[in-house]
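Each reported figure results from applying straightforward, stated rules to the coordinates on display, with no laboratory input. Note that this is a predicted model, so its numbers are computed, not measured. Neighbour counts run over all protein chains shown; Cβ positions are idealised from the backbone, glycine included.
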Ligand code: SF4
Ligand code: SF4
């Protein structure tokens, strides 16, 4: 009991201790959070009318970010797979950080879904027993279920490991390994469920394809590790945490293979849509070329594809990949590319044209963008704090001191 | 009953409190009136406060006991009174026995006047500023059934236009409704008379049902809907046209407030060409059964397996 | 000129029924049996119903002859057109009467009583000159559908009388498919309810019999986009029809 208390105390103390740069970073994020919060208050008062969404395009950047972040959350833990299957000790070092990223991404996901609700005051209706949880029927219910479960898992496993380390012991393999196995399965499931959430809609032919699930996993496996790799670079530069060059290479390879598969799946999708065009091609047509002079998404998707192709070229050629600068560039390209491909390039065109054939465009409003930025800032704050404290404990800087 | 008692005791205690205040501050009759007025204000806003607290905890419609339904209806009526200063009735009539509603629409008769669209808005109290319309009339190219070539916003001097036909679309009350399956909180369901309804007080506004509907039949209150009080239709149904609030979903529910009493839906009554025929699919004598059994009918997107209970036919 | 005689005793009715069965070719030529054959033809297979129907016809004729008694002072002399076949199978209905309520000039005999009937087909210049006959592609004129001798009635092709409030029987002579649909509810308009008493609009409620096509109208305003958003009209993405494509290919120019 005492140990737990002291753990939390030290954890928090460690999380908030830092240099000038740290405080600058945190202040910046906090300002963004407040801006986002103010924007959200406005949305809460006036309703979702302050967004750019309409009956025609009823989901926008919120859900786009949500699908992207589910990928990040899932991918973080999937890094664990090689580390256990291939007994890869190197990756093990950073798995804790990955779990931290998963937690942050999960929380962001939940926040994004919440701000998207028309009646956030009624969110308790989703609680089982108290409310009406339409469980195995509704895929949204499934999504809520797997996301909370995943959040729980990614909190408890690192907590156990850190806590044991904190007390100066070695975490027992038998204790956390089953948990890790479950969370690996769970990680796959959160992303699959999110893909099914979209692909189950017969009303939206653009999503209604069996390839969506695999595509989601592939893109998550590429963007997630890429994002993680970037944060690792950041950590290596600004903390004492030793991240070996080999880890970067390992993660880069995972991301490369995933991105190659992702591009292949995208190509398969495009081929099927366009070889013999049906009425169901309309969304793809709109996305890639525009319909009836409406072309809002065309620059987005082509830039996403360009970014992904450039990234995959850099990553596939070994000398280029070994160049640390280029690797960072590739990762940034990959993250942004996948973010567009999964948000602007997947969620929004699913709604255009509407099931009644109306081409109605969507562009996010300032309020939506601010709220989204606020949520990203919340996520980054959480990740920063978790990572800082975890690093301190891992490095043995803080240890439980038994009071005399 | 208990409600009343509680209210009474509240009033009594408040009154005695007032008396004390009055005694304490004996400065004159003016002060007393002031206090009474203030007390009235407090009482009123107190009611409002407890109402909003109760609506926060309002149960799912299908879980309410009959007494709870009564209490809820009374509260909703008070709410409507506050907002529109008008007394409305809120019906809770259940589905009629041995009744399954269906609709048939004669596209050779539809001329694209959009009379049904506006009649529906007036009947069903859609917010006038939110511009929600349950019915979309599509101007279609003759010789094609491609919805992507349709024009939703046609506005020529006169209709029908040459080379066009008109296809009104609204909620099809699918027998196998994807929207119902989508809803994470069971805020929408299919009633025994086949009508898919929404509990506007249970919906959390996630809009997943909207994504799932293949007929673009669902509409969302992006802001607080307003109806000019003089235009508010005071005859409402809990699952039908009662006033809605912001952030919830709504859609055509075959005018349950009318049809469960044997009346025609507003769109059918308003249609000047008699293109719309509504009736009971379980009654072999009904007009709709005659049409389904004797005319050439089709349904929109039948390949999706939604089993719409809305048929189109031609002469 | 055919005469109507009222049948009041049921004995006569039975007699007429027997008469009907004896002579299957009995048509509405002889006055005394017309109405009976009417009724009997309606439900030859069902005796009780045929009795009901007969009564209705009796009532109708009775009241009509009452009217004419008041008006002309002599007994009525109108022979009614037979009930048309589908009417008897269709679900029961009543109609919203128009004769008294909506026909401005009714009763027509108020004027036509004193006028000589002019059988010549001509353009009307003095009265009713505002009626444009856009019906039947110039095969019709007034006396195609209006009784020459008793203008208070319409006229069937067999020159039998049809009440203005039963005008569907007249229209159905040509538009029999529409009429069938109307009886069964696939055409026309039911008033007010979907269950309970079935009350229908007459054909003439919506179709001006002299110019029956439905006239174009200004449509109600188009839908608006959600408040706060701007409507951007769609560019056209209507595909070329197959035949249009072919025409274009052959002549080398566009045919839209
Ligand atoms: S038409 Fe749409 S809203 Fe109506 S029942 Fe079917 S899926 Fe649901
Ligand atoms: S918007 Fe309302 S009715 Fe539709 S799925 Fe969400 S909670 Fe259910």
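The angle separating the long axis of helix A:324-342 from the principal Cα axis of greatest extent in chain A is about 50 degrees. If you wrap the range A:170-226 in the convex hull of its Cα atoms and look at it from every side, the mean projected area works out to 4.9 nm².
Put the Cα centre of the range A:312-349 next to the Cα centre of the range A:12-75 and the gap is 23 Å. Each 5 Å bin from zero holds the following percent of Cα-Cα pairs in the range A:269-404: 2, 9, 12, 13, 14, 13, 12, 9, 6, 4, 3, 2, 1, 1, 0, 0.
Principal-axis analysis of the Cα atoms of chain B puts helix B:29-56 at an angle of about 40° to the longest axis.
Measuring nothing but how far apart in sequence close Cα pairs (under 8 Å, 6+ apart) lie, relative to its length, the range A:2-394 scores a relative contact order of 30 percent. Working ranking of peptides A:241-252, B:122-133 by packing, defined as the average number of other Cβ atoms within 10 Å per residue, highest first, is B:122-133, A:241-252.
Three principal axis extents of the range A:300-355 based on alpha-carbon atoms, in descending order, are 48, 13, 12 Å.
When the helix-only estimate is applied to chain A (DSSP H runs of n ≥ 4, each -39,500 (n - 2.57), divided by the residue count), what is the mean residue ellipticity at 222 nm, nearest 500 deg cm²/dmol? Numbers along the way, then the final one.
Numbers: 14 runs with 287 residues, N = 404.
Rounded to the nearest 500, the figure is -24500 deg cm²/dmol.
The simple spin-label model puts a point 7 Å past each Cα toward its Cβ; for residue B:146 and residue B:62 those points are separated by 4.1 nm. Computed from the C-beta positions of residue A:320 and residue B:175 and an R0 of 45 Å, the FRET efficiency is 0.20 to the nearest 0.05. On a 0 to 90 degree scale, rounded to 10, what angle separates helix B:2-24 from the longest Cα axis of chain B? Taking the Cα atoms of chain B, the angle to B:2-24 is about 40 degrees.
Summing -39500 (n - 2.57) over the DSSP H runs of n ≥ 4 in chain B and dividing by its residue number, what mean residue ellipticity at 222 nm do you reach, to the nearest 500 deg cm²/dmol?
-10500 deg cm²/dmol
For the range A:236-292 versus the range B:183-217, the inter-centroid distance based on Cα atoms is 34 Å.
Just check the range A:171-274 against the gyration tensor rule for me: Cα atoms, a ≥ b ≥ c as the square roots of the eigenvalues, rounded for a/c under 1.5, and otherwise prolate or oblate depending on whether a/b exceeds b/c.
oblate
Among B:222, B:202, C:243, A:300, the ranking by other beta carbons within 10 Å of each residue's beta carbon, starting with the fewest, stands as C:243, A:300, B:202, B:222. In chain B, Cα pairs under 8 Å separated by at least six residues give a relative contact order of 24 percent. Evaluated at q = 0.11, 0.15, 0.16, 0.19 Å⁻¹, a Debye calculation over the C-alpha positions of the range A:82-232 (equal weights, vacuum) places log10 I(q)/I(0) at -0.53, -0.92, -1.03, -1.30. At what distance in angstrom do the alpha carbon centres of the range B:235-294 and the range B:67-133 lie from each other? When both Cα centres are located, 10 Å separates them.
Label-to-label distance for residue B:157 and residue B:53 is 6.5 nm, based on points extended 7 Å past Cα in the beta-carbon direction.
Our summary of shape: the Cα atoms of the range A:2-394 have principal axis extents of 65, 54, 42 Å, ordered from largest down, in whole angstrom. Its convex hull of Cα atoms gives the range A:239-328 a direction-averaged projected area, equal to a quarter of the hull surface, of 7.9 nm². With contacts taken as Cα pairs under 8 Å and at least 6 residues apart, the range B:203-282 reaches a relative contact order of 27 percent. Exposure proxy shown here: for A:121, A:143, the number of other Cβ atoms within 10 Å sets the order, fewest to most, as A:121, A:143. Convex hull volume of the Cα atoms of the range B:101-313, normalised per residue: 127 Å³. For C:183, A:145, the sequence from fewest to most other C-beta atoms within 10 Å is A:145, C:183.
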